[in-house]
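The values are calculated or read from the model by the stated rules, or taken from the named source; none is laboratory data. Keep in mind that this is a model prediction, so the values were computed, not measured. Note that we place each Cβ from the backbone using ideal geometry, even for glycine, and neighbour counts take in every protein chain shown.
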Amino acid sequence: MAAIGQAAEAVTTPSALARARQRAAYVPDLLVEASRVANTVIAGWHGRRKRGIGENFWQFRPYVEGESLARIDWRRSARDDHTYVRDREWEAAHTVWLWADSSPSMLFRSTLAPVSKQSRAMVVLLALAEILARSGERIACPGVMDPVSARNAAERLAAALSLQSMADTFPDLTQIGRHSDLVLISDFLDPAEAVIEKLAPVAKRGIRGHVLEICDPVEESFPYSGRTEFIDPESGDKLTAGRAQTVHEDYRRAYLARRDGIAENLRRLGWNFITHHTDQPASTALVSLHTHLSGVPGGIGGIAR
């Protein structure tokens, strides 16, 4: 996605072919890192559990008039004056589509962050694929890999990305079926109106969306002063500020207004919006995404710091 502008401390943007080769080269290392991150947060998680047809206990809830009496748990109901039903856990596999932006702006890395935005996005993508695959879900990536249900789905996704790196442009989501989950990872630096214009039609098709904004700390704090040259990594356009500190407040206001606009519109569509900073552990973003995918109450929107 197009960038608002990034300081010249970022490396020179390579060509599309060079970026594809670069991604293919470091995907194996990112998969190792993703597995490590997944293992640090997966303890105690047993899939994206929810009520449905299955053999495992899910929860007790009050009996509703009209339900079959056979569903009542009389032992639990005998403890107080209420009648309870014993719900079972839904065990059907679900399809989760994963996509991470690989446009030039994602290559940015400031001196305040240990990794680039693209590196962090790929680690979170593969770590989430690892956790979901262990939970028995179907994993897919638009334009890269069709839905697959396998314990090694994360490895298969990494291999597919090495052979067919994701396009720099927004993916074609027409193949995603209703009631699937979609995870989109990007810096989302386009104007809020442009982002929502792309996502609103997808949400209206009944697809559950989870949007993770990847942010380098300097993009939000704007710590620059004095003469500073800013380069748009998408177009190559340059802007030189003689006294960068004089535009600090205006920049911050515009940057945060864009984020707030995207977040508010996504909430209206019933989607989740999370912000993650690259100077924080990847596990924070992974936990937030998994929480939303698990359908934990009160989980619409949030900041993963």
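Could you pull out the residue among R259, R252, R243, R205 that is of a type in the set (K, R), modelled with pLDDT of 95 or more and either closer than 21 Å to P114 by Cα or more than 17 Å from the chain's Cα centre (by Cα) (or both)? First the steps, then the outcome.
Numbers: R259 fails: either closer than 21 Å to P114 by Cα or more than 17 Å from the chain's Cα centre (by Cα) (or both); R243 fails: modelled with pLDDT of 95 or more; R205 fails: modelled with pLDDT of 95 or more.
Result: R252 is the single residue among R259, R252, R243, R205 that is of a type in the set (K, R), modelled with pLDDT of 95 or more and either closer than 21 Å to P114 by Cα or more than 17 Å from the chain's Cα centre (by Cα) (or both).
Mind telling me which of the residues P217, P223 ends up being surrounded by 15 or more Cβ atoms within 10 Å (Cβ to Cβ) and either assigned by TED's automatic domain parsing to the domain that holds E197 or out of contact with any Phe, Trp or Tyr (no Cβ under 8 Å at 6 or more places or on another chain) (or both)?
Answer to the check: P217.
Considering the range 156-166 alone, what residues qualify as being assigned to a helix (DSSP H, G or I) and touching a helix residue (DSSP H, G or I) at 6+ places or on another chain (Cβ under 7 Å)?
Once the filter is applied, which keeps residues that are assigned to a helix (DSSP H, G or I) and touching a helix residue (DSSP H, G or I) at 6+ places or on another chain (Cβ under 7 Å), the range 156-166 yields L157, A158, L161, S162.
Kindly provide the set of residues from the range 168-198 that are farther than 11 Å from W97 by Cβ, in a loop (DSSP other than H, G, I, E, B) and not charged (D, E, K, R), ordered by number.
In the first step, residues of the range 168-198 are kept if they are farther than 11 Å from W97 by Cβ; the result is 168-170, 172, 174, 178-179, 185-198.
Cutting the leftovers down to in a loop (DSSP other than H, G, I, E, B) gives us 168-170, 172, 174, 178-179, 187-191.
Hits for the range 168-198 are T169, F170, T174, H179, F188, L189, P191.
Output yes when any residue across the range 243-250 is of a type in the set (V, I, T) and free of Cβ contacts under 8 Å to residues at least 40 places away in the same chain, and no when none is. Before the answer, list the steps.
Taking the range 243-250 first, the residues of a type in the set (V, I, T) are 246-247.
Still in the running and free of Cβ contacts under 8 Å to residues at least 40 places away in the same chain: 246-247.
Yes, the range 243-250 contains a residue that is of a type in the set (V, I, T) and free of Cβ contacts under 8 Å to residues at least 40 places away in the same chain.
One residue is enough: does the range 103-111 have a residue meeting the conditions free of Cβ contacts under 8 Å to residues at least 24 places away in the same chain and not in a strand (DSSP E or B)? Please lay out each step first, then the result.
Filtering the range 103-111 for residues free of Cβ contacts under 8 Å to residues at least 24 places away in the same chain gives none.
No, the range 103-111 contains no residue that is free of Cβ contacts under 8 Å to residues at least 24 places away in the same chain and not in a strand (DSSP E or B).
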